[in-house]
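Colleague: Here it is, the structure in full.
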Amino acid sequence: MQISIRQERPGDERAIRTLTDAAFKDMPFSDGDEGPLVEKLREDGDLVLSLVAVDEGGKVVGHIGFSPITIEQSGGPWFQLSPVSVIPPRQHSGIGSALIEEGVRQMTERGAHGIALVGNPAYYYRFGFTLEHGVTLSQQMNPVLQIKTLQGDPPSGQLTLAPAFG
């Protein structure tokens, strides 16, 4: 079954919330805040890129969001990838990978200097994210912070996420 990736549109919000909640429901590392996080980022105007994967019937089956971050010593705009969600029956089918690749491509086109995320290193390594960097999180979160430098020098210093992250 084919998918296409497009920008989030008005009216997609409910489908994004439903699939995000379902995608993280049984994940051992999740505390269930991913759905509300996406809504809060959107509400705050910090969901600067929001992409959905839709199936041939137009049903939203995946989502990825990017929000602005600050890093003390960085050469330009950096963003947080969070979260990437795929509806459970379609997980492990390449939808998440396609969303990440397209999101990174679009963030590069927008002039982003890099992207940070907190997630499974074994999964994100293949997209060029690394644990080897000089960046620390200001928020108390999972310590598995990874970065991908898109242009310029790698950053260093404290990273501050959008307010929706708490």
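The values are calculated or read from the model by the stated rules, or taken from the named source; none is laboratory data. Only a predicted model underlies this, so the values are computations on that prediction, with no experimental measurement involved. Heads up, the Cβs are rebuilt from the backbone with ideal geometry, glycines too, and the neighbour counts pull from every protein chain shown. Please note that ligands, DNA and RNA were not included when accessible areas were found on the heavy atoms of the full protein model with its side chains. Shrake-Rupley method; radii C 1.70, N 1.55, O 1.52, S 1.80 Å.
Colleague: Please verify whether the range 74-96 includes one or more residues that are over 25 Å from GLY32 (Cα atoms), of a type in the set (S, T, N, Q) and at pLDDT below 95.
Modeller: Yes, the range 74-96 contains at least one residue that is over 25 Å from GLY32 (Cα atoms), of a type in the set (S, T, N, Q) and at pLDDT below 95.
Colleague: Provide a single number: the residues in the range 1-41 that are open to solvent by less than 60 Å² (accessible area, probe 1.4 Å), charged (D, E, K, R) and more than 13 Å from VAL86 (Cβ to Cβ).
Modeller: Residues flagged as open to solvent by less than 60 Å² (accessible area, probe 1.4 Å), charged (D, E, K, R) and more than 13 Å from VAL86 (Cβ to Cβ) within the range 1-41 amount to 3.
Colleague: Could you list all residues from the range 1-51 that are aliphatic (A, V, I, L, M) and in a helix (DSSP H, G or I)?
Modeller: Scanning the range 1-51 gives ALA15, ILE16, LEU19, ALA22, ALA23, LEU37, VAL38, LEU41.
Colleague: Kindly state which strands (runs of 3 or more DSSP E) lie completely within the range 52-166 and contain at least 2 residues that are open to solvent by less than 70 Å² (accessible area, probe 1.4 Å), more than 24 Å from SER4 (Cα to Cα) and in contact with a Ser or Thr (Cβ under 8 Å, 6 or more places away or on another chain).
Modeller: Result: 60-73, 114-118, 134-137, 145-149, 156-160.
Colleague: Please identify the pairs in which a residue from the range 23-39 that is of a type outside the set (A, V, I, L, M) has its Cβ atom under 6 Å from the Cβ atom of a residue that is assigned to a loop (DSSP other than H, G, I, E, B) and modelled with pLDDT under 90, counting only partners at least 6 apart or on another chain.
Modeller: PHE24/SER30
Colleague: I need every pair where a residue in the range 134-158 that is at pLDDT 90 or above and among the small types (Gly, Ala, Ser) has its Cβ under 9 Å from the Cβ of a residue that is open to solvent by 40 Å² or more (accessible area, probe 1.4 Å) and part of a loop (DSSP other than H, G, I, E, B), sequence separation at least 6 or different chains.
Modeller: GLY134/PRO154; GLY152/SER74; GLY152/GLY75; SER156/SER74; SER156/HIS133; GLY157/SER74
Colleague: Need the failing condition index for PHE165 against (1) out of contact with any Asp or Glu (no Cβ under 8 Å at 6 or more places or on another chain); (2) in contact (Cβ under 8 Å) with a residue 40 or more places away in the chain; (3) over 21 Å from ALA22 (Cα atoms), just the number.
Modeller: (3)
Colleague: Report, ordered by the first and then the second residue, all pairs with beta carbons closer than 7 Å, sequence separation of six or more or different chains, a first member in the range 88-110 that is of a type outside the set (Phe, Trp, Tyr), and a second member that is at pLDDT below 95 and surrounded by fewer than 18 Cβ atoms within 10 Å (Cβ to Cβ).
Modeller: Qualifying pairs under 7 Å: PRO88/ALA22.
Colleague: Then there is this: When only residues in the range 44-84 that are touching a residue at least 60 places away in the same chain (Cβ under 8 Å) and of a type in the set (Asp, Glu) count, which is farthest from GLN146 (Cα to Cα)?
Modeller: The qualifying residue farthest from GLN146 (Cα to Cα) is ASP44.
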